[in-house]
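Notes follow once the structure below has been shown.
The values are calculated or read from the model by the stated rules, or taken from the named source; none is laboratory data. In this text, all values refer to a predicted model and were calculated from it rather than measured experimentally. Every residue, glycine among them, receives a Cβ derived from its backbone with ideal geometry; neighbour counts consider all protein chains shown. Side chains included, ligands, DNA and RNA excluded: accessible areas come from the protein's heavy atoms. Shrake-Rupley method; radii C 1.70, N 1.55, O 1.52, S 1.80 Å.
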Amino acid sequence: MKTVLLVDDSRAVRLAGKRIFESLGFGTLEAGDGQQALDVVASHPTIDAVLLDWNMPVMNGLDFLKTLRSQAVAQPVVVMCTTENDIAHITEALTAGANEYVMKPFTEDIIREKLQETGVL
Amino acid sequence: MEDEILKEFLAESWENLGRLDSEIVGLEKNPGDKELLASIFRTIHTIKGTCGFIGLTGLGAVAHSAENVLGKMRDGALAASQVTISPVLEAVDEIKFLLHGLEASGKEPARDNSDLIRRLDVIATGIEAALADAPVTAPLATASSVAPPAHSVPATVSVPAAAVAAEPVTAPGPAKSNGPALSANAELTGEHPTADGDGASRSVADLTIRVNVDVVDRLMNMVGELVLTRNQLLQMVRGEDESKYAAPITHLNRVTTDLQEAVMKTRMQPIGNAWSKLPRVVRDLAKTLSKQIDLMMTGAETELDRTVLDAIKDPLTHMVRNSADHGIETPAVRRAAGKPEMGTVRLNAFHEGGHVIICIEDDGAGINVDRVKQKAVQNGLITEADAARMTEKEALSLIFHAGLSTAEQVTSVSGRGVGMDVVRTQIERIGGTVELASRRGSGTTVRIKIPLTLAIVSALVVEGGGLPFAIPQLGIVELVRLGAEDRHRIEKIHDKAVFRLRNRLLPLVGLDDVLGLERKRAETDDVNIVVVQVGDDQFGLIVDEVFDTEEIVVKPVGQLLKSVPLYQGITILGDGRVIMILDVAGVAASFGGIGGQTSERDVAHEGEDDQSGTTSLLLFESQPGTMMAVPLSLVARLEEFPRSAIEQTGDRLVVQYRGNLLPLLPIEGDYRGTEVDPQPVVVFSEGAHSMGLMVSSIQDILEERLVIRMQSRRAGVLGTAIIDARATDLIDTHYYVMQANPEWFTKKPDLKPKRVLVVDDSIFFRQLVTTALENEGYRVRAVDGAKQALRCLDGGDAFDCVVSDIEMPEMSGWEFAKAVRERGWAELPLLALTSLAGANQESKAMRAGFNRFQQKFNVDRFLAAVDDMISESQPGQQEASA
C-alpha cells in the first residue's frame, strides 16, 4: 500500500485529505506542522507522497520542503497546497522542490489527477 | 463523512478563536509584532481554507475578507491600528456567530454580511492608504501579558503524552456524538500543546493526546469509588496489628493516592484558559466607554481543576468587566485626580495552601460607600436607619446583594442584571470565598479563594443529633472543646449563644438545633465546638462528637434535597455509611448568626424596643476622622500625658501615674491612630487594675440611646452604637484592661462558685455585668426580664444573689423585688442595679425588698456589694432553707 503524509495545521483539512487518499487506496500519516512532518519522514522512510500546506505554525511548508530536499532520505513526491493568497509564491515552492500544487479546497478528482501527473499513481 | 470533518472544523476553530481575541488586542498594542500577525492571519486563513471543504460559503466569505486585511498587515502594506483592526474584530465576532449557529443547527446560518465584507475589502484594497494615514489613536486597551494560548476547547483537555508518534491515525470513535463534545474519542494527532513561538524542544515526545472530557470525568468518578473502597479496607484493618492484609493494603493505599493525584492532574487546566477572552472584553469596554485601560495578567499558568475553572469563568469575566466599567475612571477624571490616564486592571492567580487565589485589582475610583448605601435604600434592600448604623465593611458587603449597581449611569455594559450576588453565589457554590476591599480614590481589590478541585475533599466527620455529618476542612478554622465545668463560659446575648474565644465573640449554634434534630447531648457533657469560617465571619457549630478527618468523595445531593441549602453533597464513609456533607455557608445563613442582614436588623430592632433609657457616652477619635465611643461610666479618668513621659518597657508602653505604672495601649485594628503630643488617654479600671487607651482626641460626651449590635469580627469592639445617626464602634473596655494586664485575667479559680442571677432587659448591661461577675469567678445566669427570672426561681434554680435592673418593660424591678419576697425568698440577697439616682429611689428600693442599691457602671463597687451581700447572707440563707 502506498503511503501519503498529510501536513496541515488544521485537523479538519487533514481529515478531508485522509478521506480522499484512503479512497484512492493510500495509507495515511499526519503531521500538524513542518517540524512534525520532518520527524515523521525521519521515522518512516517509505512515504510516497506528501500533501503539504503552506501556512503553518512552528515551521511552514516551504521551510519543510527546503529541509526535506536537502536531506539524504528517500525523497517523496510533494504536492503543495495553497490558497489564492499564496499563489503568487508558488514558483518559490516549485523552485524549492515541490512537484505539483493544488488549490484548497481540493477534491478527489484533482488529487488523483495530480498524483497521476507526478507518477505516484 | 462531512459530519466528522465539520466537527473537527468546529473544534479547532474554537480553539484558535479562543486565542485570537487576546492576540488581536495584543496586536493593537504592538502593531509591529510580526509573530502575532502571522498567528492571527493563520487562524483566519485556516478557517477560510477549511470552509471550502465543507461548503460554508458565507463563513468563507467573511474569513476571506478578513484574511485579506490581515494579509496586507502581515506584508507590511497596511498599518495595524484601531481603525483597521476594529473591522477585523467585527469579522471575528461574526465568524463566532456563524460557528455557533453551525454548531447548533448543523447548517450555516443565513446572514447578510455584505456590509462588513465591503468595509473589510475597502480597507484591504481601495482607501487603505488614507485609512492608514489617519491619526492613529493611542491603543485603548492593551494586554501587557497575554495569557498563554488557550489551546483546547472547553470540552477537551490536552494531556502531554510521551512518545506518541504520528502513527497512522486510527479510525475515530463513534461518529454520532451529540452536544458540544466536539472531538472524537481518544484520537491521536500530532498536535503540539503550544502554538507558535519558541521553537525549542520540539520533539515527538511533546505530543499530546486529546481525550474527550467524558472519559476523564468517568476516570475521576472511578477513582472516587476506588478511594471509597480503599477507605473501607483501611477501616477494616485499622486496629488489627497483625493483619496479613496490612502490607498489600498499605500498598493499595499509596497507589490509590498516586492514582488520584495523577487523574486529578489530567483534569487540571491553566487558569489562562478562562482569561483568554478578557483582554478583548476590556478592550471593547474601554472603547465603548472612552477609557484607557491596561489589563495585566500574571499567574495565567496556575492550574486548577476543569470543573472549578468552568465555574469561575463567568464570575471572573463579570468582575473584570466591573472593574473596567465601574472602577476605572475616564481619562479626564483620572488626570484631575493626579493619576495616570491609563487605568490598570490587574489579574493575578497563584496557589496558596491547596487553594487557588485570584485577585482582581484596579487602580480606579474605589467604591463610594455612601452611594452603595443610598442605592441599597432606594432598592429597598435596607432602611435609612440600617444604612446609618452600618459600618463601612458591612456596607461594602452590600455589593454582593441582588440588584445593586453603583455606577451613576447604568451603562449598557455592566448594568445588565447579573450582579455581584450571582458572582458570590457561584463562587460559594464551589466552596470558595470572595473578599472585597476598597479605598476611595485608589481602587478596589477583589480576592477570590477557591479550592483546587471539587471531586475529592478532606472533611471532618462529626456527630450531631445522633447522626454523622461531614464538614469540609476548607471551612474549618479550629476545634474547641469545653469541659463541662467551663460550660458557663458560653454566654447568652439576646438569646443567642456566644463564646468569648480569644477575646472575640463567637456566635454558637447547635448542629442538632439547626437541622431540627433531637438533642442528644446532655447539659453535663463537654462541649465540642467546630469553629467554621464563612466569608469574613466565624461561628461555632456545637456538635455531639468529633471523629476523624477523611478524604471523602463528593457526590451530588439527589433532586429532593437540592433545594435544601444546608447540604453540599453526600458521601460514603469508610464503614459504608452514607452521610451528608454540610454546607457551612448554608448553615450560617439558616441560623442567621452572622453576616446575614436580617438577623442583624432583628437584633437591632429588638434592641431598640427594650432599651428605654439613654446612656452617657464618651466620644473620641481613634484616629483623625474615626469616631469611637465608650460608656462614660466605664471610664475612670481622662488624662493627657506629654509624650516624653511615656516610657517603653519591653514591648509595652507605660506612664508614671499616681505612683504606679499605668500600661498604655493603642486602639487595635484599623483604628491605630497617629501620634499626638500631649497624648490623650482614656483610663479604664477594673478591680485593682487600670490601663490607659491612647486615642487621637477626646471629642464629646453625649447622652444617647444605645443600640448595641452584636458582632464578632473585631477584637476590642463590643458592638456598634448609633450616635448622631452614624454607626460608631463601641470599645470593649474589658478587652483592653485584659490586654494590658494579661496575668490578671487568668481566671480566678472557682473558689466561690456562687451563683448569681442577673436580670436586665438591656443586652449591653446584661453582658457587662455578666462578664464582670464571671471574671470574679461567679456562675452567672442572665435573663432579660423579671418574669423570666421568677420562672427560674420558681423552677427551683438556687442562686446566692440576684442582681436586677429597675426599669424594665413588663415587670419593673420594684414589682420583681416584691414578688420575690412574697414568694418566700426572704433572705435571698437582692441588689438593685440602676441608672436611676437619688435618695428617694434608694429608699423606694429598700421598701420594695432590695437589700442594696447600686448605680450602674461602677464595677468595683458593684462587685464589692455582691461579695458583701453573699457573705452576709450565707448563714442566714442556710437556716432559711433548712
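Here are the numbers:
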read-out	value
Computed magnitude of the charge dipole of chain A (debye, nearest 20; Cβ of K, R +1, Cβ of D, E -1)	240 debye
Mean separation of Cα contacts under 8 Å (6+ apart) over length of chain A, as relative contact order %	22 percent
Cut-off under 5 Å, modelled amide H: who pairs with B:Ile723 long-range	B:Thr728
Amide H contacts under 5 Å for A:Ile47, placed H, 5+ residues apart	none
Backbone HN-Hα couplings from phi across the range B:466-482 [Karplus 6.51/-1.76/1.60, Hz, Gly and Pro as x]	x, 10, x, 9, 10, 10, x, 4, 3, x, 8, 9, 6, 10, 10, 10, 9
Partner lysines for B:Lys72 [C-alpha distance under 17 Å; skip if fewer than 8 residues away on the same chain]	B:Lys34, B:Lys48
Residues losing 40 Å² or more accessible surface upon assembly, the range B:36-84, compared with the chain by itself, 1.4 Å	B:Arg42, B:His45, B:Phe53
Sulfur and carbon atoms: percent of accessible area, the range B:456-594 [1.4 Å]	50 percent
Per residue value of the accessible surface for the range B:254-338 (all protein chains in place, 1.4 Å probe), Å²	36 Å²
Karplus-derived HN-Hα couplings along the range B:844-850 (A = 6.51, B = -1.76, C = 1.60, θ = phi - 60°), whole Hz, x at Gly and Pro	4, 4, 5, 4, 5, x, 6
3J(HN,Hα) from dihedral phi, the range B:294-300, Karplus parametrisation 6.51/-1.76/1.60, rounded to Hz, x for glycine, proline	9, 9, 10, 10, 10, x, 4
Globularity ratio of the range B:2-138, using Cα Rg and 2.2 N^0.38 Å	1.03
Restricting the range B:1-50 to GluC sites (Glu not before Pro) in coil, as DSSP defines it, with at most 16 other Cβ within 10 Å	none
Percent RCO, i.e. relative contact order, over the range B:456-594, from Cα pairs under 8 Å lying at least 6 residues apart	30 percent
The range B:14-55 - percent of accessible surface contributed by carbon and sulfur, probe 1.4 Å	53 percent
The range B:747-881, Rg to Rh (Cα coordinates; Rh as Kirkwood inverse mean 1/r)	0.92
Relative contact order (percent, whole number), the range B:451-528, Cα cutoff 8 Å, 6+ residue spacing	31 percent
CD proxy at 222 nm, helix term only [per DSSP H run n ≥ 4: -39500 (n - 2.57); per residue of chain A; nearest 500]	-12000 deg cm²/dmol
Rounded Å value of the spacing that divides the Cα centres of the range A:56-109 and the range B:508-545	74 Å
Chain pair A, B: total accessible area buried, heavy atoms, 1.4 Å probe, Å²	2900 Å²
Pair B:Gln473, B:Asp513: separation of 7 Å Cα→Cβ label points (nm)	3.0 nm
Distant-in-sequence amide H partners of B:Val534 (H built 1.01 Å from N, under 5 Å)	B:Phe539
Environment charge at B:Asp583 (Cβ cut-off 13 Å; Lys +1, Arg +1, Asp -1, Glu -1)	+1
Kirkwood Rh in Å, taken over all unlike Cα pairs in the range A:2-117	13.7 Å
Listed residue pairs exceeding 23 Å between alpha carbons, taken from B:Lys496/B:Lys818; B:Lys339/B:Lys449; A:Lys2/B:Lys7; A:Lys18/B:Lys7; B:Lys373/B:Lys393; A:Lys104/B:Lys277	B:Lys496/B:Lys818; B:Lys339/B:Lys449; A:Lys2/B:Lys7; A:Lys104/B:Lys277
